[in-house]
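Okay, structure first, notes after.
The values are calculated or read from the model by the stated rules, or taken from the named source; none is laboratory data. Treat the numbers as computed from the prediction; the structure is a model and nothing was measured. Glycine also receives a Cβ, built like all others from the backbone with ideal geometry; neighbour counts cover every protein chain displayed. The protein model used for the area step is the full one, side chains on, heavy atoms only, and it has no ligands, DNA or RNA in it. Shrake-Rupley method; radii C 1.70, N 1.55, O 1.52, S 1.80 Å.
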Amino acid sequence: MKIAGLDIGTTGCKLSVFDENGIYLDRSYRDYPSLRGDEQTIDASLIKDAVFAVCKDMAEKYPDIAGIGVTSFGETFVLTDEAGNVLLESMLYTDPRGKEQCERLTKELGEETIETISGLKPHEMYSLPKIMWVKENQPEVWAKVKHIFLMEDFIVHALTGVSQIDYSLATRTMAFDIKHLCFSDKILNTAGVDASLFSKPVPTGTSAGAVTKDTAFKTGLSRDTIVVSIGHDQIAACIGAGANDADIATDGAGTVQCLTPIYDHEPDPEIMAEGSYCIVPYILEGTYVTYAFSYTGGALLNWCVDTLAKEEKRTAKENGDSVNQYLEKLYAQNHEANRPTGMLVLPHFAGAATPYMDTGSKGVIVGLTAGTTVEEIYRACMEGVVYEMMLNYERVKETGLHVRKIHATGGGAKSKVWMQMKADVLNLPITAMETVDAGTVGSAMLTGIACGVFQDLKEAADHMIVPVHTYTPDAKAHEAYMDVYARYRKLYEAVRPLMGKEQA
């Protein structure tokens, strides 16, 4: 018997397969185009095709796949007819449409009402304002709409014919009631959208049943293969990182940098909204998570490498190193380890996420001289991402958190330098986990429970989660970083007025 986790991202999807003991066996990946033009859309039909392709790849090699858990990125919705045919390309959260609708909805209901019901500060990045935009601007499309899916439940429906969405992904619509765990009639009636168009909300980890006959024929999956609704990819990553109580936060060090702490109570919506922090129901009853994130985590380091370190990239390749490791070594050769550069990098190269949610903000580097080297800028970029997380961590601590340790996943967790820097700045021990694909691991863990392979999350974690190394804070390094961080806290307010564009 095999179990699998399907992770659907904005640029590609991957299906990872594990045996009955939770040991990783194999994976298949397909990419697809996204970010089409200024309006930032993606074709859900291409995502469906890619999902069927990876399922077929793995079913041919492992015909005894008992279950597949589905996790996906959030906010992006799919409009279909009764048969599930896609009617319109889907807007990503970065699509500019929906701002006017969000402002109007907020004015009619009141910001505090929306925050209290949905756990979200109103913003056009979420599904509902963009759904309203389609209704108002493309009535010929809206007239044909019979289902509104997000990506997870779109794929679950494509595989099983069942329309269900887990609580965590439903939250990303800005139309979900986090207290009563259902879509809010009050919000949707005001928006002019029928609640019956959405899938049925279910707890994270709920089975949708077996794949359809048609799905089995197209993919080679067994007719007994079940499909499980896992939810938002950040939730799946938390599960896959072993974050099972409020003492642990998850550090997702990928293209986007995200810190996901757990609450053992429902935090105050008004306080959370001050920093644009969402409130999302977690898998453990009575618990919630929030997302403190920066749009540029690994993406900022990639920018630095691709733009400034072209020569170093060639040298690293000749030496058999990754360019990231090479730049870290160069810095260590000429500077004292675990000490800040003193430079300040505002990592808003794709706009600012929490706590500002300011798409008009830009990246800034302060402290350059004629003698500044590429490896110093690279190191300062790493620091800027971590300082931004520290700024967020300070804000969310005020909402009643008591984090004692962090579990790190994603490609950035492989960098010993970055992990030690995070431990030193945040002054918390950070454990790097073996897998960088925590989303597929978390999906497979819950799928294993649904299939009867594991009794509960603890047993699944014992089999599938492997810590690699724990980085403990260095007191002297923390003090040195805090001297620089005191200046970093003032950076956004100091430079934002010079950017010449109002906050979005």
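Can you give the Rg to Rh ratio of the chain, both from alpha-carbon atoms, with Rh computed by the Kirkwood formula?
My calculation of the ratio gives 0.96.
Stokes-Einstein diffusion coefficient for segment 322-476 at 25 °C in a medium of 0.890 mPa s, Rh from the Kirkwood formula over Cα pairs: what value in µm²/s?
Diffusion coefficient, whole number: 138 µm²/s.
Run the numbers for Lys61 and Glu318: contour at 0.36 nm per residue of separation, minus the present Cα-Cα distance, in nm.
Roughly 88.9 nm would be gained on extension.
Roughly how many percent of the accessible protein surface of segment 347-504 is carbon and sulfur, given a 1.4 Å probe and a whole-percent answer?
Carbon plus sulfur share of accessible area: 51 percent.
Measure nothing fancy, just the Cα-based angle from helix 99-109's long axis to the longest principal axis of the chain, in degrees from 0 to 90, nearest 10.
So the helix axis and the longest Cα principal axis differ by about 70 degrees.
Under the Kirkwood approximation for Rh and a Cα-based Rg, what ratio Rg/Rh is obtained for segment 1-67?
With Rg and the Kirkwood Rh in hand, the quotient comes to 1.08.
Label segment 425-504 by shape, choosing from rounded, prolate and oblate, from the square roots a ≥ b ≥ c of the eigenvalues of the Cα gyration tensor; if a/c is under 1.5 it is rounded, and otherwise prolate applies when a/b is larger than b/c, oblate when it is not.
Here segment 425-504 falls in the oblate category.
Let me spell out the model: positive unit charges on the Cβ of Lys and Arg, negative unit charges on the Cβ of Asp and Glu, origin at the Cα centre of segment 85-219. What dipole size does that give, in debye rounded to 20?
Roughly 300 debye for segment 85-219.
Could you work out the relative contact order of segment 185-251? I mean the mean sequence separation of Cα pairs under 8 Å and 6+ apart, divided by the number of residues, in percent.
24
For Lys61, go through the lysines and keep the ones whose alpha-carbon is under 22 Å away, minus same-chain ones fewer than eight residues off.
Lys2, Lys14, Lys48, Lys213, Lys218
For every other residue with a beta carbon closer than 10 angstrom to the beta carbon of Val70, add +1 if it is Lys or Arg and -1 if Asp or Glu, then tell me the sum.
Net charge around Val70: -4.
Can you tell me which aspartates and glutamates have their Cα less than 18 Å from the Cα of Lys107? Leave out same-chain residues fewer than eight positions away.
Hits, sequence-local ones excluded: Glu115, Glu124, Glu136, Asp185, Glu270, Glu274.
Tell me, what is the per residue accessible area of the chain in Å², probe radius 1.4 Å?
About 40 Å² of surface per residue is accessible.
P(r) tail for segment 12-156, what percent of Cα pairs lie past 24 Å?
Counting every Cα pair in segment 12-156, those more than 24 Å apart make up 43 percent.
Which value at 222 nm does the chain reach when only helices count, each DSSP H run of 4 or more adding -39,500 (n - 2.57), with the total divided by all residues and rounded to the nearest 500 deg cm²/dmol?
Helix contribution divided over all residues of the chain: -12000 deg cm²/dmol.
Would you please classify the overall shape of segment 178-267 from the alpha carbon gyration tensor, given that a ≥ b ≥ c denote the square roots of the eigenvalues, rounded means a/c under 1.5, and beyond that prolate means a/b larger than b/c while oblate covers the rest?
It comes out oblate by the Cα gyration axes.
What are the semi-axes of the equivalent ellipsoid of segment 376-454, taken as the square roots of 5 times the eigenvalues of the Cα gyration tensor, listed largest first and rounded to whole Å?
28, 18, 10
Given Cα pairs under 8 Å that are at least 6 residues apart, what percent is the relative contact order of the chain?
Computed over the chain, the figure is 16 percent.
So if the hydrodynamic radius of segment 81-156 is defined as the Kirkwood radius over C-alpha pairs, what does Stokes-Einstein give as its diffusion coefficient at 10 °C and 1.306 mPa s, in µm² per second?
118
Round to the nearest 10 and give me the degree value, 0 to 90, for the angle of helix 323-334's Cα axis relative to the longest principal axis of the chain.
Long axis of 323-334 versus the principal axis of the chain: about 20 degrees.
If R₀ is 41 angstrom, what is the calculated FRET efficiency for the pair Lys416 and Lys144, using the beta carbon separation as r and rounding to 0.05?
After rounding to 0.05, the efficiency reads 0.15.
Tell me whether segment 328-373 comes out rounded, prolate or oblate; compute the Cα gyration tensor, take square roots of the eigenvalues as a ≥ b ≥ c, and use a/c under 1.5 as the rounded threshold.
Prolate, because a/c is 1.5 or more and a/b exceeds b/c.
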